[in-house]
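Engineer: Provided herewith is a single structure, encoded as structure tokens, for subsequent inquiry.
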Amino acid sequence: MLGTRCRIIQSLSVVRNVRFCSQLGREFAWTAPPGGETGISIYNFHTRSKLPLILSNEGNLKWYVCGPTVYDEPHIGHACCYVRFDVIRRILTNIFGINVVYMMNITNIDDKIIEKAKKVGQTTEQLSSHYESRFHQNMHRLNVLKPTVVHRVTDNIQSVIHFIQKLVESGHAYVTDQGSVFFRCDSYSSYGNLSRMKVLPSEKAVDYDQKMKPQDFVLWKPRKPGEPFWDSPWGEGRPGWHIGCSVLASKVFGENIDIHSGGSDLIFPHHENELAQSNCYHHTNQWVNYWIHSGLLSKEGDNEKMSKSLGNIITIPDLLKKYTSNQFRMFCLLTPYAMGESLGFCCSCCSHPLFCAALVVVHCHCGTL
Ligand SMILES: [Zn+2]
């Protein structure tokens with residue numbers, strides 16, 4: 001039975017379509033965490049290999065997932081990612097009997113939120129709270145289990161400030177004359193280790209706001225006119241994007257997480273930066289024991305990922321006008337979770353009972369999109 005269970009997980013853990021250049025990466029020496037063997041193998045993106053899933057607190061799994069930046073309707077690209085993780089979470093819970101504590105953050109302060117709020121004449125609080133509700137409603141419609149814990153960035157600003165302050169004190173971050181705080185990538189020798197991405201120098205990037213090196217990333221942004229702000233030791237301002245996840249995850253889970261997940265578009269720079277600042281804050285090399293990433297969804301015939309900024313999205317309500325949540329879930333299960341997927345609306349040419357004459361996948365070329 002255990003073998004069958006392992007195969008279920010393993011069949012979900014074949015990674016393709018990751019976007020990195022392996023020769024740029026450095027070796028990462030993974031250390032097996034102290035704790036109980038589960039008998040499960042899991043693909044760890046950091047090592048690019050399957051590893052035994054060992055839980056430091058036997059029977060309990062700490063899972064952090066990057067949540068949405070709430071400024072618009074969630075689309076089915078987001079949905080595919082959360083449905084796939086929901087399936088894995090249910091397998092771990094219902095088949096293996098593991099108590100999964102599934103935590104999600106909500107990014108409710110960000111450039112995109114500020115821009116959209118200005119455009120529609122709302123405060124950032126009004127806008128983000130509306131779209132946060134919409135996100136949860138849509139996940140409910142897709143039968144995605146609620147996270148065990150949800151935290152919003154703006155509810156935790158003091159924790160953000162404390163986290164950044166520790167990084168400044170330890171020399172891993174620096175403050176500019178303009179009141180920005182940047183993470184000093186040179187201070188962390190394993191930077192680039194997760195994504196294996198090469199950061200190319202750019203004069204513009206170096207000049208920007210006294211940033212010392214192109215790869216340095218912002219932890220705290222100084223106040224701009226008309227933007228929300230909070231007091232800090234570096235002046236009025238607001239958190240950068242990456243810091244929120246590290247702070248909130250550390251607040252709930254402490255210095256170590258079993259699984260950290262997100263869409264594969266978050267690998268670089270978001271997860272690379274999260275890992276760098278968290279490893280430095282916690283004085284560890286392995287803040288996360290297992291990284292898993294969901295492949296991205298694109299429209300059939302479109303090589304770009306589904307994204308609001310590219311204008312090629314299908315919203316969840318639009319999807320559910322035509323198809324059921326179970327049909328979409330089945331679609332998400334047709335390929336390994338880490339694999340990118342292409343989706344087209346079609347009906348006549350694919351009559352496989354799994355599709356229920358509904359969703360058509362990569363190999364459909366009926367041209368009806
Ligand atoms: Zn994140």
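Engineer: Can you tell me which residues in region 72-125 are away from the ligand (no atom under 16 Å from the Cβ) and aromatic (F, W, Y)?
Structural biologist: F96
Engineer: Could you please find all residues in region 145-183 being buried (at least 21 other Cβ atoms within 10 Å of the Cβ) and assigned to a loop (DSSP other than H, G, I, E, B)?
Structural biologist: Selection gives P147, H172, S180.
Engineer: Starting from residues that are charged (D, E, K, R) and part of a helix (DSSP H, G or I), keep the ones in region 316-345 and report whichever is modelled with the highest pLDDT. Give the steps one after another, and end with the answer.
Structural biologist: Taking region 316-345 and keeping what is charged (D, E, K, R), we get 318, 321-322, 329, 341.
Among the residues that remain, those that are also part of a helix (DSSP H, G or I) are: 318, 321-322, 329.
Details: D318: 89, K321: 90, K322: 86, R329: 93.
Going through the qualifying residues, I end up with R329.
Engineer: Among the listed residues L310, L297, identify the single one that is at pLDDT below 90 and within 11 Å of A79 (Cα to Cα).
Structural biologist: L297
Engineer: Does at least one position in region 146-157 carry a residue that is under 30 Å from M212 (Cα atoms) and among the aliphatic types (A, V, I, L, M)?
Structural biologist: Yes, region 146-157 contains a residue that is under 30 Å from M212 (Cα atoms) and among the aliphatic types (A, V, I, L, M).
Engineer: Same structure, new question: Among the listed residues N143, N138, N105, N99, which satisfies the condition of being farther than 18 Å from V87 by Cβ and touching a helix residue (DSSP H, G or I) at 6+ places or on another chain (Cβ under 9 Å)?
Structural biologist: Unique residue meeting the criteria: N105.
Engineer: Follow-up question, since we're still on this one. What's the number of the only condition in (1) in contact (Cβ under 8 Å) with a residue 60 or more places away in the chain; (2) within 21 Å of Q165 (Cα to Cα); (3) among the hydroxyl-bearing types (S, T, Y); (4) away from the ligand (no atom under 13 Å from the Cβ) that T284 fails to meet?
Structural biologist: Result: T284 fails condition (1) only.
Engineer: Test of understanding: among N289, N303, which residue is closer than 29 Å to C332 by Cα, more than 13 Å from the ligand (Cβ to nearest atom) and at pLDDT 95 or above?
Structural biologist: Selected residue: N289, the only one of N289, N303 that is closer than 29 Å to C332 by Cα, more than 13 Å from the ligand (Cβ to nearest atom) and at pLDDT 95 or above.
Engineer: Is it the case, given these coordinates, that N60 is within 16 Å of the ligand (Cβ to nearest atom), modelled with pLDDT of 95 or more and under 25 Å from Y281 (Cα atoms)?
Structural biologist: The answer is no for N60.
Engineer: Could you list, in sequence order, the residues of region 37-77 that are part of a helix (DSSP H, G or I) and out of contact with any helix residue (DSSP H, G or I) (no Cβ under 8 Å at 6 or more places or on another chain)?
Structural biologist: Listed by number, the list holds a single entry, G77.
The values are calculated or read from the model by the stated rules, or taken from the named source; none is laboratory data. Predicted, not measured: the structure shown is a model, and the values here were computed from it. No Cβ is skipped: glycine too gets one built from the backbone with ideal geometry, and neighbour counts run over all protein chains shown.
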